[in-house]
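Asker: Can you keep this structure in mind? I'll have questions shortly.
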Amino acid sequence: MTVLDRKVALLDVAGRVSGVDAAPPVQIHGLATAYPPYVMKQDEVMAKAAEVFGHRPELMTRMAKSYGNAGVRQRNSCVPLEWYAEPHGWPERAQLFEDNAIKLLTEAGRKALEDAGVAPEHVAATVTVSSTGIVTPSLDSLLQKPLGLAPTVQRLPVFGLGCAGGVIGLSRAAAMARAMPGRWVLFLCTELCGLTFRPADDSKANIIGTTIFGDGAAAIVLRCARNDGDDDAVVHAKTTEMSAHSKVKAHIRAWGEHTWPDSRDVMGWRMEDDGLGVIFSRSIPNLVRDKMRGVTDAFLHGLGLTQDDMDGLVVHPGGEKVLEALEACYDLPEGGLILAREVLAEHGNMSAVTVLAVLEKTLQRNATGRQLMTALGPGFSVGMCLLDFP
């Protein structure tokens with residue numbers, strides 16, 4: 001095994017490096033997204049940013065082209081555009097995050113459970129991912145009543161994964177499903193990126209955030225088949241009282257992740273007096289272009305596969321320059337990551353939620369074959385999942 005191979009940790013039920021067929025696949029039965037009501041057009045956002053940062057007209061003149069080059073036409077927000085022009089402290093931001101996160105996750109969770117044909121009380125475990133707000137008790141406990149979950153549901157709240165949370169969080173939910181075969185696991189993810197905007201911060205990173213950030217939520221219903229010969233229909237009948245039969249939309253075959261050493265300053269948050277301060281490094285596209293392919297090749301090699309065995313990519317569209325870097329490192333034509341670009345244009349960068357919206361579009365377009373799902377986030381890290389579409 002090479003040094004690069006050892007850097008990629010592949011997780012199966014025994015926690016060991018294994019081939020793609022060594023452990024039972026985790027099945028995706030339901031998936032849904034939810035978005036807040038305010039829709040902000042890119043030209044409206046740029047005009048508001050010019051107003052907020054009017055004390056630095058030369059800076060906004062230089063930054064104006066970033067709005068046109070971001071690949072974003074519009075995005076959803078849990079607050080109206082006027083909210084962004086005024087100062088807001090931690091208490092207000094925290095309350096807005098809690099209220100809107102619960103609302104969006106309840107909507108996404110209900111739709112995903114309905115899509116899967118699973119009664120809420122039969123969910124055995126939840127994994128809830130978010131990095132744009134802090135709530136204690138955690139969001140998953142606050143969602144039990146509105147979603148109708150049993151008081152005995154096992155809960156795993158996950159904070160700090162940033163944009164990589166869509167893939168790494170899904171991996172944690174898949175690991176939990178594999179640990180309790182035949183039981184339903186609900187993966188929940190929300191990011192309210194807009195609430196992190198701080199009008200007093202005229203840094204380039206904060207302004208770049210205004211060119212791409214959006215709000216949203218997603219939910220996925222998972223289950224791992226039993227090893228005792230039960231087929232999907234039998235297990236489904238045992239674990240839910242609803243009449244609809246759940247159809248497997250995709251299989252999660254394997255997952256892994258990689259964190260580059262000494263890369264903490266590439267992406268993340270700073271705790272400021274008035275909220276979360278965004279950290280973006282100019283090196284992100286170059287890091288993706290130069291380092292990403294080697295890591296994912298090693299992940300696939302550990303499964304006895306290569307990139308040539310993949311029928312497609314499901315990627316987190318962090319921004320236009322990141323998409324261009326991904327297309328370059330995977331030898332794709334310019335503009336080749338069509339679905340990722342569609343999500344970016346329609347909803348912006350919703351951090352961890354974004355790649356799940358791309359997965360939803362991939363399912364809606366009736367994708368087939370093996371696909372590699374990836375997302376990059378703070379650490380600096382990449383999460384990877386190997387998916388099979390029937």
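The values are calculated or read from the model by the stated rules, or taken from the named source; none is laboratory data. Owing to the predicted nature of the structure, the values given are computational and were not obtained by experimental measurement. Using ideal geometry, Cβ is built from the backbone for each residue, glycine included, and neighbour counts are taken over all protein chains shown.
Asker: Do you know which of the residues in the range 48-100 that are of a type in the set (Val, Ile, Thr) and buried (at least 16 other Cβ atoms within 10 Å of the Cβ) is nearest to the chain's Cα centre (by Cα)?
Answerer: 72
Asker: Within the range 262-343, which strands (runs of 3 or more DSSP E) (wholly inside it) include 3 or more residues that are more than 29 Å from residue 92 (Cα to Cα)? Give the derivation first.
Answerer: On the way: elements: 267-272, 275-280, 312-315.
In the range 262-343, the matching strands (runs of 3 or more DSSP E) lie at 312-315.
Rundown of residues vs (1) farther than 24 Å from residue 202 by Cβ; (2) in the same structural domain as residue 317 (by TED's automatic domain parsing); (3) in contact with a Ser or Thr (Cβ under 9 Å, 6 or more places away or on another chain), yes/no style:
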position	(1), (2), (3)
62	no, no, no
66	no, no, yes
72	no, no, yes
81	no, no, no
95	yes, no, no
101	yes, no, yes
105	yes, no, yes
113	yes, no, no
116	yes, no, yes
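Asker: Would you confirm whether or not the range 178-185 contains a residue that is in a helix (DSSP H, G or I), surrounded by fewer than 23 Cβ atoms within 10 Å (Cβ to Cβ) and modelled with pLDDT of 95 or more?
Answerer: Yes, the range 178-185 contains a residue that is in a helix (DSSP H, G or I), surrounded by fewer than 23 Cβ atoms within 10 Å (Cβ to Cβ) and modelled with pLDDT of 95 or more.
Asker: Among the acidic types (Asp, Glu), more than 21 Å from residue 299 (Cβ to Cβ) and surrounded by fewer than 24 Cβ atoms within 10 Å (Cβ to Cβ) - does that describe any residue in the range 371-389?
Answerer: Checked against the condition, which is being among the acidic types (Asp, Glu), more than 21 Å from residue 299 (Cβ to Cβ) and surrounded by fewer than 24 Cβ atoms within 10 Å (Cβ to Cβ), the range 371-389 yields no hits at all.
Asker: Residue check: is residue 335 farther than 14 Å from residue 170 by Cα and in contact with a Leu (Cβ under 8 Å, 6 or more places away or on another chain)?
Answerer: Spelling it out, it is not the case that residue 335 is farther than 14 Å from residue 170 by Cα and in contact with a Leu (Cβ under 8 Å, 6 or more places away or on another chain).
Asker: Residue 375: farther than 20 Å from residue 170 by Cβ, touching a residue at least 60 places away in the same chain (Cβ under 8 Å) and hydrophobic (A, V, I, L, M, F, W, C), yes or no?
Answerer: no
Asker: Of all residues in the range 325-348, count the ones that are of a type outside the set (Gly, Ala, Ser) and within 12 Å of residue 375 (Cα to Cα).
Answerer: Residues flagged as of a type outside the set (Gly, Ala, Ser) and within 12 Å of residue 375 (Cα to Cα) within the range 325-348 amount to 1.
Asker: Within the range 205-215, identify whether any single residue is surrounded by fewer than 22 Cβ atoms within 10 Å (Cβ to Cβ), assigned to a loop (DSSP other than H, G, I, E, B), over 20 Å from the mean Cα position of the chain (by Cα) and not assigned by TED's automatic domain parsing to the domain that holds residue 344, and answer yes or no.
Answerer: no
Asker: Would you tally the residues in the range 344-390 being acidic (Asp, Glu) and part of a strand (DSSP E or B)?
Answerer: The first filter runs over the range 344-390 and keeps only residues acidic (Asp, Glu), leaving 346, 360, 388.
Filter once more, keeping what is part of a strand (DSSP E or B): 388.
Result for the range 344-390: 1.
Asker: If we only count helices (runs of 4 or more DSSP H) wholly inside the range 56-154, which ones have 3 or more residues that are farther than 18 Å from residue 187 by Cβ? Give the derivation first.
Answerer: Working: elements: 57-69, 90-116, 139-147.
Of the helices (runs of 4 or more DSSP H) lying wholly inside the range 56-154, those with at least 3 residues that are farther than 18 Å from residue 187 by Cβ span 57-69, 90-116.
Asker: Looking for whichever is crowded, with 21+ Cβ neighbours inside 10 Å and out of contact with any Pro (no Cβ under 9 Å at 6 or more places or on another chain) here; the options are 256, 294. Which one fits?
Answerer: 256
Asker: Of all residues in the range 339-372, count the ones that are out of contact with any helix residue (DSSP H, G or I) (no Cβ under 6 Å at 6 or more places or on another chain) and free of Cβ contacts under 8 Å to residues at least 24 places away in the same chain.
Answerer: 3
Asker: Can you name the residue in the range 370-383 that is among the small types (Gly, Ala, Ser) and modelled with pLDDT of 95 or more and is also farthest from the chain's Cα centre (by Cα) among such residues? Break it down stepwise before answering.
Answerer: Let us first name the residues in the range 370-383 that are among the small types (Gly, Ala, Ser), namely 375, 377, 379, 381, 383.
When the remaining residues are screened for being modelled with pLDDT of 95 or more, the result is 375, 383.
On the way: 375: 7, 383: 10 Å.
Within the range 370-383, the match that is farthest from the chain's Cα centre (by Cα) is 383.
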